[in-house]
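The values are calculated or read from the model by the stated rules, or taken from the named source; none is laboratory data. Since the model is a prediction, treat every value here as computed from it, not as a measurement. Neighbour counts are summed over all protein chains in view; Cβ atoms, including those assigned to glycine, are modelled from backbone coordinates with ideal geometry. Note: areas computed on protein heavy atoms with side chains; ligands, DNA, RNA excluded. Shrake-Rupley method; radii C 1.70, N 1.55, O 1.52, S 1.80 Å.
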Amino acid sequence: MDHSRVPVLEALEEFRRRGDVVYGPPGHRQGRGADPRVKKILGEGVFASDVLNMNGLDDRRLSQGVLADAQELMADAVGADRTFFSTCGSSLSVKTGMLAVAGPGEKLLISRNSHKSVIAAVIINGVTPIWVHPKFDAERHLAHPPEPEDVRRRLEEHPDAKGMLLITPTDWGSCADVRGVAEVCHEFGVPLIVDEAWGAHLPFHPELPTWGMDAGADLVVTSVHKMGGAIEQSSVFHLKGDRISPEVLAQREDLLGTTSSSSLVYATLDGWRRQMVEQGRDLLGTALARARRIREAVDAMPGLSVMGQEIVHERLAHEHDPLKLTVDVRGLGITGMQAAEWLRATCHVDVGSADTLRICPQITHGDDDRTEALLVESLGRLVKDAESIERPPRVLLPPAGGLELEQAVRPRDAFFGNVDHVPADRAAGRVAAETITPYPPGVPAVVPGEVITQEVVDYLRSGVAAGMLLPDAADGKLETFRVVA
């Protein structure tokens, strides 16, 4: 296919060349009605490019196939049979995939280290989750993806399960054996959905971890805004084979998706695909070399260590994404959350993820010599000034298995049922009616329907005291818990 073509961008350019005057949405009229104070910050181009897709870029009666062409080119670029663009982020894309595989009351195997958007899909859909627990790394207090044998065991226990949802790479860069998991799923006659939100770059360089579409996955969801070059909320989901019906997938997307899709998202997805096909190998090769230099520099700093290929050698993960710089800060005597806050306040450097033990800046093709030097310099300053940072309260991290809670009630029933609010000292033994998620990275510690344990209460409350953010808890301070009545 001709990957120099960018159908959405070309249609947008033609729209602006024609000078069409629009009497429908958007109401700002390509910026003429926007507040000049807003345009001064955002730029006139944002508004000029914000065009209704139907009766704007494309004609709803005599379709020029603008979006269909762009999606076909994207599918060809990554080795998929079909590709669907989403303007609601991978939070919508993963919900669409789950709805296409398992319906209300049906069973779906799901990696328990899933993002909260997956849990939201479980609640909305009413699916019965069969959790496949990740491999726990006691030294790093970190969850790596489950292995093929973990999936096989759960499918043997639940032969009526409709499929499997696997998360890889994790927020910290550890990657699953996608091919092995796909082979197990297909042996049992069920599809594999891969939530590869952090993996949009994977198809475009051979030194990166295995791309799901190349490893037998049936549906792969990617967040192009995370490691790619499209704007926020840009997501795509890719389909291969016949285990998931494209018709069903399209209908589920229509059920959940917006009817006012963003031309800005579509245009940047289209342009990113062209950039990666034409220049991706060189751009990502430069990024990989940059990440290696940063890794070496940071590993030489006292009190810091960067996770890398050793997790593969230790057989904790199948692969590792070297563009994820997961930096353990325990040697500085502070939490990752404190490190992230200090870097933002002192150096104006924002890292991608942070938890009680680590931070994780990620390198993309968008970095350059200046951002490389700034990150190394800022982490060096953190090491020098760490003694001046107040020592945090101790976080009571649960042991291996401490976050593997009993699922006593289906998440949907617990979330929508009658609830009570109980003091924290009476929460243990009760069934949660809320999702409680340390954020970032956004993996819930408690899911509706799970039995709360004292270990989890102690972990979350001590985490809050140390600066942990729980944006979805009914009580962010966790003085009370929302539980099933």
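Give me the residue from the range 403-427 that is small (Gly, Ala, Ser) and buried (at least 17 other Cβ atoms within 10 Å of the Cβ) and, out of that set, nearest to the chain's Cα centre (by Cα).
For the range 403-427, the residue satisfying everything is 414.
Sort out for me the strands (runs of 3 or more DSSP E) sitting completely within the range 131-195 that have 2 or more residues that are surrounded by fewer than 24 Cβ atoms within 10 Å (Cβ to Cβ) and in contact (Cβ under 8 Å) with a residue 60 or more places away in the chain.
Once the strands (runs of 3 or more DSSP E) in the range 131-195 are filtered for at least 2 residues that are surrounded by fewer than 24 Cβ atoms within 10 Å (Cβ to Cβ) and in contact (Cβ under 8 Å) with a residue 60 or more places away in the chain, what remains is 135-137.
From the list 128, 83, exactly one residue is among the polar types (S, T, N, Q) and open to solvent by 10 Å² or more (accessible area, probe 1.4 Å). Which is it?
Step by step, each of 128, 83 is checked, and only 128 is among the polar types (S, T, N, Q) and open to solvent by 10 Å² or more (accessible area, probe 1.4 Å).
Go through (1) over 17 Å from residue 304 (Cβ atoms); (2) open to solvent by 20 Å² or more (accessible area, probe 1.4 Å) and name the single condition residue 398 misses.
(2)
Looking at residue 99, is it in contact with a helix residue (DSSP H, G or I) (Cβ under 6 Å, 6 or more places away or on another chain), farther than 22 Å from residue 400 by Cα and not polar (S, T, N, Q)?
Against the criterion (in contact with a helix residue (DSSP H, G or I) (Cβ under 6 Å, 6 or more places away or on another chain), farther than 22 Å from residue 400 by Cα and not polar (S, T, N, Q)), residue 99 qualifies.
Sort out which residues of the range 370-394 are touching a Cys at 6+ places or on another chain (Cβ under 7 Å) and crowded, with 16+ Cβ neighbours inside 10 Å, and write them in order of number.
Hit for the range 370-394 is 378, nothing else.
Restricting the first residue to the range 295-317 and requiring it to be buried (at least 16 other Cβ atoms within 10 Å of the Cβ), which pairs with a second residue that is aromatic (Phe, Trp, Tyr) meet a Cβ separation below 7 Å and a spacing of at least six or different chains?
307/172
To keep it simple, each residue is scored yes or no on (1) in a strand (DSSP E or B); (2) modelled with pLDDT under 95; (3) open to solvent by less than 50 Å² (accessible area, probe 1.4 Å); (4) among the small types (Gly, Ala, Ser).
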site	(1), (2), (3), (4)
62	no, yes, no, no
68	no, yes, no, yes
73	no, no, yes, no
76	no, no, no, no
90	no, yes, yes, yes
93	no, yes, yes, yes
99	no, yes, yes, no
103	no, yes, yes, yes
108	yes, no, yes, no
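Within the bounds of the range 26-43, is there any residue that is under 25 Å from residue 272 (Cβ atoms) and open to solvent by 60 Å² or more (accessible area, probe 1.4 Å)?
Within the range 26-43 (the criterion being under 25 Å from residue 272 (Cβ atoms) and open to solvent by 60 Å² or more (accessible area, probe 1.4 Å)), the answer is yes, since at least one residue qualifies.
I want to confirm something. Restricting to the range 222-261 and keeping residues that are more than 21 Å from residue 204 (Cα to Cα) and among the hydroxyl-bearing types (Ser, Thr, Tyr), which single residue is least open to solvent (accessible area, probe 1.4 Å)?
Per the criteria, the residue is 261.
Hey, among 219, 192, which residue is of a type in the set (A, V, I, L, M, F, W, C) and touching a Cys at 6+ places or on another chain (Cβ under 8 Å)?
After applying the criteria, what remains is 192.
Name the residues in the range 196-234 that are part of a helix (DSSP H, G or I) and either over 16 Å from the mean Cα position of the chain (by Cα) or of a type in the set (D, E, K, R) (or both), would you?
Residues satisfying the conditions are 203, 204, 213, 214, 215, 226.
Looking at 290, 243, 295 in this structure, which one is at pLDDT 95 or above, charged (D, E, K, R) and not in a helix (DSSP H, G or I)?
243
Considering 21, 51, 46, 8, which residue is closer than 13 Å to residue 263 by Cβ, out of contact with any His (no Cβ under 7 Å at 6 or more places or on another chain) and part of a loop (DSSP other than H, G, I, E, B)?
On inspection, the qualifying residue turns out to be 51.
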